[in-house]
1. Of the numbered conditions (1) modelled with pLDDT of 70 or more; (2) of a type outside the set (Phe, Trp, Tyr); (3) within 26 Å of the chain's Cα centre (by Cα), A:ALA105 fails exactly one; give the number of that condition.
2. What about A:ALA20, is it facing another protein chain (nearest Cβ under 8 Å) and within 17 Å of the chain's Cα centre (by Cα)?
3. The conditions are (1) assigned to a loop (DSSP other than H, G, I, E, B); (2) open to solvent by less than 70 Å² (accessible area, probe 1.4 Å); (3) within 14 Å of chain B (Cβ to nearest Cβ), and A:THR181 fails exactly one of them. Which is it?
4. Answer with yes or no whether B:LEU46 is under 13 Å from the mean Cα position of the chain (by Cα) and at pLDDT below 90.
5. Collect the residues in the range A:76-99 that are exposed (fewer than 14 other Cβ atoms within 10 Å of the Cβ) and at pLDDT 80 or above, keeping them in residue-number order.
6. Looking at the range A:133-150, is at least one residue surrounded by fewer than 10 Cβ atoms within 10 Å (Cβ to Cβ), out of contact with any Asp or Glu (no Cβ under 8 Å at 6 or more places or on another chain), modelled with pLDDT under 75 and more than 30 Å from B:SER65 (Cα to Cα)?
7. Every residue in the range A:50-62 that is assigned to a helix (DSSP H, G or I), open to solvent by 10 Å² or more (accessible area, probe 1.4 Å) and in contact with a helix residue (DSSP H, G or I) (Cβ under 6 Å, 6 or more places away or on another chain), please.
8. Is it the case that the range A:19-35 has a residue that's closer than 18 Å to A:GLY58 by Cα and out of contact with any Pro (no Cβ under 9 Å at 6 or more places or on another chain)?
Amino acid sequence: MLVALSPFQLTEGLVFFAFAFVIVACALSVVVVRNPVHAVLLMVAAFFSSAALFIMQGAEFLGLLLIIVYVGAIAVLFLFVVMMLDIRIVATTKSRRKHVPLALAVASLLLAELAAVVLLDTTSAEQMVAKPSPPAPTRPLLDNTTELGLLIYSDYLVVFEIAGLLLLLAMLGAIVLTHRTRDDVARQSIAEQKARSEKARLVKVASKDGV
Amino acid sequence: MSFSFSAMLESLLPVSLTHYVLLSSTLFVIGMLGLFLNRRHVIVILMAVELLFLAASMNFIAFSSASGDLTGQVFALFILATAAAEVTIGLAILVVYYRNRASIAIDDISDLKG
């Protein structure tokens, strides 16, 4: 059963298990820690390790994108909100802890089902993706980012534009939701100023000349 | 039969698609657990949802690289965009809610309860 493993496979295995351990440990900590700031930082660690695994699988563009988007943007957004809102660190009370056994039971059942599907199925995952006859590439393959770009800007152009529209809508939505006109700050209202008297008028003052 | 670390490692290797699928399943279950367990802050629930998104895109990428088809990576990209939009709106709602109620503890959010 034991086949000789190449040094590359051994290294790959060690790296995979190291990153997988970090991902699972950090994700579990995100769920259980009390302090939301710690949770954000642990989530960043989990996303960072996942980016490493993405790169290991040859998806360099998405791995780097994950670091830029999650570590660079979303984590900062989370930290901003967590630190802006004065969140008390509350201890779990007994009444809340009564949900724990049920949640653990449901989660382990789900995990067992997923693992059973993956491990016990007679057709392995490798066979599922194995195509009967892989089409021969008509041109030499380029690097991951270029190939992805070729695909996005041809076959998935409409979906890509819709994704951009979605992001624009999200931005507008966030601004509309959080924007408020404050009454307690002084602010110039030109229309009101002008309407106050007929004599008042706006003058364009030339530089160094005065009025 | 001697039990050694290298023998244990060799029985688990080489890293295959199954490894990645199992890892993403575990991650998904942890995210679900976070949704069930967390009764403190809405913000940690949003983070659990992010973990679910990560598990989904990890699955997409694993199958994409195993089958040599880049379409899975394209969809992982769209998942990323959707997750970013979701978290933006979610956090904006949270900020507005906090402004109105001065609390985002889940137990306080029960206005819609009849």
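1. (3)
2. no
3. Single failed check for A:THR181: (2).
4. Judged against the criteria, B:LEU46 is a match.
5. Hits for the range A:76-99 are A:VAL76, A:PHE80, A:MET83, A:MET84.
6. no
7. Within the range A:50-62, A:ALA52, A:ILE55, A:GLU60, A:PHE61 qualify.
8. Checked against the condition, which is being closer than 18 Å to A:GLY58 by Cα and out of contact with any Pro (no Cβ under 9 Å at 6 or more places or on another chain), the range A:19-35 yields at least one hit.
The values are calculated or read from the model by the stated rules, or taken from the named source; none is laboratory data. The model shown is predicted, which means the values in this text are computed figures rather than measured ones. Because the Cβ atoms are built from the backbone with ideal geometry, glycine has one as well, and the counts that use them run over all protein chains shown. Ligands, DNA and RNA are stripped out before the accessible areas are found, and what is left, the full protein with its side chains, is counted by its heavy atoms. Shrake-Rupley method; radii C 1.70, N 1.55, O 1.52, S 1.80 Å.
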